[in-house]
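Below is one structure; the comments refer to it alone.
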Amino acid sequence: MRRYLALIDLFIKNSLQVEMEYRINFVGLLFMSIMDAAWSVGGAVLFYNHRPVIGGWTFNEALVVIGLYFLAGGFVDMAVRPNIDAVVEHIRTGSMDFVLTKPLDSQVYATLREYRFQKVTGILVGVVILAYGLIRVGATPDLGQCLLFIFLCAGGCILLYSAMTILGTLSFWLVDISNIDEFIVGFLEAGRYPADAFPEPVRGIITFIVPIAFITTVPAEVLLGRLTPQFVLYGWVVAAVLLAFSVSLWRVALRHYSSASS
């Protein structure tokens with residue numbers, strides 16, 4: 001485990017050095033993230049102009065969820081999508097052969113090697129919206145809430161990583177599945193607003209079938225002191241199952257992989 005953590009640390013440092021060569025891109029991406037945030041908050045303002053509470057959530061409470069949505073999106077854009085896109089490209093071009101020759105677990109190397117730190121702009125915008133929402137609500141999370149929040153965010157990251165890795169692994173059979181990661185990103189859009197604001201059956205789908213609520217709404221409930229305890233366990237069970245399945249599917253895919261040199 002220590003060896004893999006050291007390698008991931010090295011991957012992060014290498015990616016950061018590459019990203020620092022294109023600093024001006026950071027400004028442009030920050031502007032785009034701010035515009036996207038304005039669109040999300042503007043949509044919430046439009047909805048809340050008609051009623052002060054939607055699904056039991058006030059506008060300021062919904063801002064906390066919107067902030068978490070940008071945190072999740074920033075994580076995906078920074079740490080997950082670059083690697084999944086690279087996996088698809090490796091398989092399409094045959095360079096996966098070189099990945100498999102590395103003296104370490106191929107899934108770790110292929111899916112945790114590249115990072116786009118310029119995409120951290122989405123995370124920064126998310127932190128600002130989240131903090132502003134908490135201040136407007138007047139919520140002050142205690143130590144227990146903060147620790148549980150971190151626990152939930154870790155589970156959400158595992159869930160997103162596992163789901164996108166599963167989709168990326170399908171390229172071993174389908175070869176050219178460009179933009180397959182947009183499938184998960186599309187579902188993540190449902191987490192832009194509180195799950196309770198959606199009518200059934202959409203609410204049930206994003207809570208239990210595709211648990212996007214575990215990534216945004218449930219952590220927001222923790223910070224706001226309105227936690228639904230059963231969702232914490234359920235979300236982590238789903239994340240653990242998806243992670244185990246992603247590892248198993250990767251191993252099955254490797255057994256069926258035909259080397260480009262064969």
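This table checks each residue for (1) farther than 30 Å from PHE47 by Cβ; (2) touching a His at 6+ places or on another chain (Cβ under 9 Å); (3) modelled with pLDDT of 80 or more.
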residue: GLY168; (1), (2), (3): yes, no, yes
residue: ASP181; (1), (2), (3): no, no, no
residue: PHE187; (1), (2), (3): no, no, no
residue: ASP196; (1), (2), (3): no, no, yes
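Could you please find all residues in the stretch 126-136 being buried (at least 18 other Cβ atoms within 10 Å of the Cβ) and under 15 Å from the mean Cα position of the chain (by Cα)? Before you say what the answer is, go through the steps one by one.
First pass over the stretch 126-136, keeping only residues buried (at least 18 other Cβ atoms within 10 Å of the Cβ): 126, 129-130, 133-134.
Within the stretch 126-136, GLY126 is the sole residue that qualifies.
Could you please find all residues in the stretch 198-233 being out of contact with any Lys or Arg (no Cβ under 8 Å at 6 or more places or on another chain) and not in a helix (DSSP H, G or I)?
If the condition is that a residue be out of contact with any Lys or Arg (no Cβ under 8 Å at 6 or more places or on another chain) and not in a helix (DSSP H, G or I), then PHE198, PRO199, GLU200, PRO201, VAL210, PRO211, ILE215, GLY225, ARG226, LEU227, THR228 are the ones that fit.
Residues in the stretch 198-234 that are at pLDDT 85 or above and either buried (at least 20 other Cβ atoms within 10 Å of the Cβ) or of a type in the set (A, V, I, L, M, F, W, C) (or both): how many?
Qualifying residue count, the stretch 198-234: 13.
Does THR111 satisfy the criteria of being among the β-branched types (Val, Ile, Thr), under 24 Å from LEU7 (Cα atoms) and in contact with a helix residue (DSSP H, G or I) (Cβ under 6 Å, 6 or more places away or on another chain)? Give the steps one after another, and end with the answer.
Details: among the β-branched types (Val, Ile, Thr): yes; under 24 Å from LEU7 (Cα atoms): yes; in contact with a helix residue (DSSP H, G or I) (Cβ under 6 Å, 6 or more places away or on another chain): yes.
Yes, satisfied.
In the stretch 103-125, which residues are in a helix (DSSP H, G or I) and either of a type in the set (Val, Ile, Thr) or under 15 Å from the mean Cα position of the chain (by Cα) (or both)?
Of all residues in the stretch 103-125, those in a helix (DSSP H, G or I) come to 106-111, 117-125.
Of everything in the stretch 103-125, those that are in a helix (DSSP H, G or I) and either of a type in the set (Val, Ile, Thr) or under 15 Å from the mean Cα position of the chain (by Cα) (or both) turn out to be VAL108, THR111, PHE117, LYS119, VAL120, THR121, GLY122, ILE123, LEU124, VAL125.
Yes or no: the stretch 137-156 includes at least one residue that is of a type outside the set (A, V, I, L, M, F, W, C), buried (at least 19 other Cβ atoms within 10 Å of the Cβ), over 23 Å from LEU10 (Cα atoms) and out of contact with any Lys or Arg (no Cβ under 6 Å at 6 or more places or on another chain).
Here is the first cut: in the stretch 137-156, the residues of a type outside the set (A, V, I, L, M, F, W, C) are 138, 140-142, 144-145, 155-156.
Restricting the remaining residues to those that are buried (at least 19 other Cβ atoms within 10 Å of the Cβ) gives 155-156.
Pick out the ones that are also over 23 Å from LEU10 (Cα atoms) and you get 155-156.
Keeping just the survivors that are out of contact with any Lys or Arg (no Cβ under 6 Å at 6 or more places or on another chain) gives 155-156.
Among the residues of the stretch 137-156, at least one is of a type outside the set (A, V, I, L, M, F, W, C), buried (at least 19 other Cβ atoms within 10 Å of the Cβ), over 23 Å from LEU10 (Cα atoms) and out of contact with any Lys or Arg (no Cβ under 6 Å at 6 or more places or on another chain), which makes the answer yes.
Cβ-Cβ distance below 7 Å, separation of 6 or more or different chains: which pairs start in the stretch 53-68 with a residue that is touching a residue at least 12 places away in the same chain (Cβ under 8 Å) and end on one that is acidic (Asp, Glu) and in a helix (DSSP H, G or I)?
GLY55/ASP196; GLY56/ASP196; TRP57/ASP196
Would you point out the residue of the stretch 1-46, among those that are at pLDDT below 75 and β-branched (Val, Ile, Thr), that is nearest to ALA110 (Cα to Cα)?
My answer is VAL18.
One residue is enough: does the stretch 92-102 have a residue meeting the conditions outside any helix (DSSP H, G or I) and under 28 Å from MET32 (Cβ atoms)? Spell out the reasoning first.
So the first thing to find is which residues in the stretch 92-102 are outside any helix (DSSP H, G or I), and the list is 94-95, 101-102.
This time we only want the ones that are under 28 Å from MET32 (Cβ atoms), so: none.
No, there is no match, as no residue in the stretch 92-102 is outside any helix (DSSP H, G or I) and under 28 Å from MET32 (Cβ atoms).
Quick check: anything in the stretch 95-113 surrounded by 19 or more Cβ atoms within 10 Å (Cβ to Cβ), in contact with an Asp or Glu (Cβ under 7 Å, 6 or more places away or on another chain) and in contact (Cβ under 8 Å) with a residue 24 or more places away in the chain?
No, that holds for no residue.
Taking the stated definitions as given, is GLY73 touching a residue at least 60 places away in the same chain (Cβ under 8 Å), of a type outside the set (Lys, Arg) and surrounded by fewer than 24 Cβ atoms within 10 Å (Cβ to Cβ)? Walk me through it before giving the result.
Details: touching a residue at least 60 places away in the same chain (Cβ under 8 Å): yes; of a type outside the set (Lys, Arg): yes; surrounded by fewer than 24 Cβ atoms within 10 Å (Cβ to Cβ): no.
For GLY73, the condition - touching a residue at least 60 places away in the same chain (Cβ under 8 Å), of a type outside the set (Lys, Arg) and surrounded by fewer than 24 Cβ atoms within 10 Å (Cβ to Cβ) - is not met.
Got a sec? Which of THR121, THR93, THR111 is over 26 Å from THR169 (Cβ atoms) and not hydrophobic (A, V, I, L, M, F, W, C)? Steps first, answer last, please.
Working: THR93 fails: over 26 Å from THR169 (Cβ atoms); THR111 fails: over 26 Å from THR169 (Cβ atoms).
Unique residue meeting the criteria: THR121.
The values are calculated or read from the model by the stated rules, or taken from the named source; none is laboratory data. Note that this is a predicted model, so its numbers are computed, not measured. Because the Cβ atoms are built from the backbone with ideal geometry, glycine has one as well, and the counts that use them run over all protein chains shown.
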